[in-house]
1. Rounded to the nearest 0.05, what FRET efficiency do residue 243 and residue 150 give with R0 = 51 Å and r taken as the Cβ-Cβ distance? Could you check?
2. How far, in nm, would the chain grow between residue 219 and residue 124 when pulled straight, counting 0.36 nm per residue and subtracting the alpha carbon separation?
3. Want the number for residue 283 to residue 228: 0.36 nm per residue separation, take away the alpha-carbon distance, what's left?
4. Just how many % of Cα pairs in the range 193-332 lie over 19 Å apart, if you round to the nearest whole percent?
5. Between residue 202 and residue 235, what length in nm is gained on full extension when 0.36 nm per residue of separation is reduced by their alpha carbon distance?
6. Under the rule a/c < 1.5 gives rounded, and otherwise a/b versus b/c splits prolate from oblate, where does the range 277-321 land using the Cα gyration tensor?
């Protein structure tokens with residue numbers, strides 16, 4: 001939840017408490033004018049409780065503030081309905097109170113369900129046992145309570161709308177998180193083969209150069225020193241490739257010990273300089289183990305520059321294979337069949 005949405009939600013929740021407080025002030029005046037002093041004292045006590053709710057709210061104890069609000073209003077409305085009957089509009093406040101539960105301000109969903117259930121049961125019991133006891137209609141009180149409901153509902157609607165927006169962005173972030181997890185290699189954080197293939201297929205009208213590199217003798221390293229050491233080397237290699245790539249280059253873990261680098265609209269000579277720098281830095285990797293220091297080297301196959309993606313990948317892969325069959329720890333950037341591959345050492 002961003003700070004702006006959080007502030008808006010808190011502001012609207014505070015306004016809800018303010019509206020209930022104003023309602024009690026109006027009720028206090030009405031009961032005083034009518035000389036209904038028992039209900040007037042109850043309304044004054046309500047105001048005191050709402051002040052406590054606002055204090056808790058400002059202390060960011062929103063859960064406790066609204067729990068106290070629900071309990072107090074439920075007791076207050078129940079007494080008013082028992083004393084004055086159903087024709088004064090206090091049942092409307094009950095409906096408003098139940099609506100607040102949907103904002104779900106409580107930390108536990110169990111508390112929300114418990115409060116809603118308790119209020120619903122109280123409403124039904126009041127209806128069953130008190131509905132016929134008071135038959136007169138109090139127009140003034142009804143209009144006051146109805147006006148209170150009219151003021152409260154837009155606040156509830158606005159708050160729910162903000163919460164819906166927050167939930168939407170939260171779900172969107174979760175979706176992006178899982179999407180990112182499906183497109184990246186968990187160990188190195190680089191794009192995986194599937195994601196890279198998708199990007200390359202969507203790229204049109206760009207010349208590109210492709211390099212595929214392989215960690216020399218990686219299987220032997222894993223077998224002799226263990227997969228944890230192999231993982232450390234993979235992380236070091238991914239850092240070297242990323243740090244020496246241009247902003248628009250794409251580095252991917254192609255699978256196993258193979259990495260894939262693609263550069264768009266770059267001169268081959270410039271690209272080869274970057275690749276050679278990567279190879280030289282990889283030579284400096286040292287991983288300390290109980291069985292000694294582990295070193296590693298990289299062999300690169302580099303394609304020509306073209307917009308034919310499939311041909312470039314095949315070309316880079318074939319040149320990588322030539323490098324692996326010759327000296328390893330080299331950069332192979334051309335094929336000339338009868339002669340050894342060109343090596344940048």
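Bear in mind that the values in this text are calculations on the coordinates, not laboratory data. Note that the structure is a prediction, hence the values are computed from the model and not measured. Here the Cβ positions follow ideal geometry from the backbone for every residue, glycine too, while neighbour counts run over all protein chains shown.
1. 0.20
2. The residue 219-residue 124 span can extend by a further 26.9 nm.
3. Contour length minus the Cα-Cα distance gives 17.9 nm.
4. Summing the P(r) of the range 193-332 above 19 Å gives 48 percent of all pairs.
5. Computed gain between residue 202 and residue 235 is 9.1 nm.
6. prolate
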